[in-house]
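The values are calculated or read from the model by the stated rules, or taken from the named source; none is laboratory data. Source: prediction; values computed, not measured. As a convention, Cβ positions derive from the backbone with ideal geometry for all residues, glycine included, and neighbour counts pool all protein chains shown.
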């Protein structure tokens, strides 16, 4: 069964649509549950992890690589959840943490600014002018965050398999389109895509385990074989320590080290 990741700016009915898609497919719908799991795994408050998903200034990374570490923890929890399949995840950046897995359907929801303003005004009881200003500011901050973390605009249409303007077609039709697309053979798991997801989950989990001590670490995984690169490997004692730590992790069959 496939995985659906639904992204979109605030007040575009993302949560509502995601829940209905999950219900129609018989999937689990998750969002903040990923933050909760990352918090449980790595012993950090959810608020701290969530801050890393919003800080566009890079200030947190200048404080002992805090943002990078927290994003690594988030990615490890997210890929673990998605690795179970039959999942609809909705969040602003989930699609950027999973790549080259063909049975993941990446969806971007859009809505006209005036509709989003109306929803925010009604929900939060504020003047339209203030609601519009806040939404525009939030959109600009999201663009900066994506550029700061990934070096590109994560909300660009080219980053998604499916882009839907909810204002134009309505939430009900949006749900139907997503459900129909999910059932397409292109988004059904095959042996290669399942292994790709498993590899990403393992690589993310290993990186999260190492990043506190080795902030520059990069990890790749393929069928249980782990490739690790960090400047610290220039020191023999560090190489031994890393190998010993990783070799005992679940799913790891071989460890290759490089600098």
Item checked: Where a residue in segment 196-208 is without any contact (Cβ under 8 Å) to a residue 60 or more places away in the chain and not assigned by TED's automatic domain parsing to the domain that holds residue 42 and its partner, wherever it lies, is surrounded by fewer than 24 Cβ atoms within 10 Å (Cβ to Cβ) and part of a helix (DSSP H, G or I), with Cβ under 6 Å and at least six apart -> 206/246
Notebook entry, point to check: Which numbered condition trips up residue 131, out of (1) within 21 Å of the chain's Cα centre (by Cα); (2) over 21 Å from residue 6 (Cα atoms); (3) buried (at least 18 other Cβ atoms within 10 Å of the Cβ)?
Noted result: (1)
Item checked: Filtered residue count, segment 154-194, keeping only those that are free of Cβ contacts under 8 Å to residues at least 60 places away in the same chain, touching a strand residue (DSSP E or B) at 6+ places or on another chain (Cβ under 8 Å) and not in a loop (DSSP other than H, G, I, E, B) -> 7
Next item on the list: Kindly provide the set of residues from segment 139-153 that are in a loop (DSSP other than H, G, I, E, B) and in contact with a helix residue (DSSP H, G or I) (Cβ under 8 Å, 6 or more places away or on another chain), ordered by number.
Entry: 152, 153
Next item on the list: Only residues that are farther than 14 Å from residue 71 by Cα, touching a helix residue (DSSP H, G or I) at 6+ places or on another chain (Cβ under 8 Å) and buried (at least 16 other Cβ atoms within 10 Å of the Cβ): list them for segment 202-233, please.
Entry: 214, 219, 220, 221, 226, 228, 230, 232, 233
Next item on the list: Say whether the condition of being buried (at least 21 other Cβ atoms within 10 Å of the Cβ), in a helix (DSSP H, G or I) and under 13 Å from the mean Cα position of the chain (by Cα) is met by at least one residue in segment 80-88.
Entry: yes
Notebook entry, point to check: in contact (Cβ under 8 Å) with a residue 40 or more places away in the chain, buried (at least 20 other Cβ atoms within 10 Å of the Cβ) and not assigned by TED's automatic domain parsing to the domain that holds residue 84: does that describe residue 249?
Noted result: no
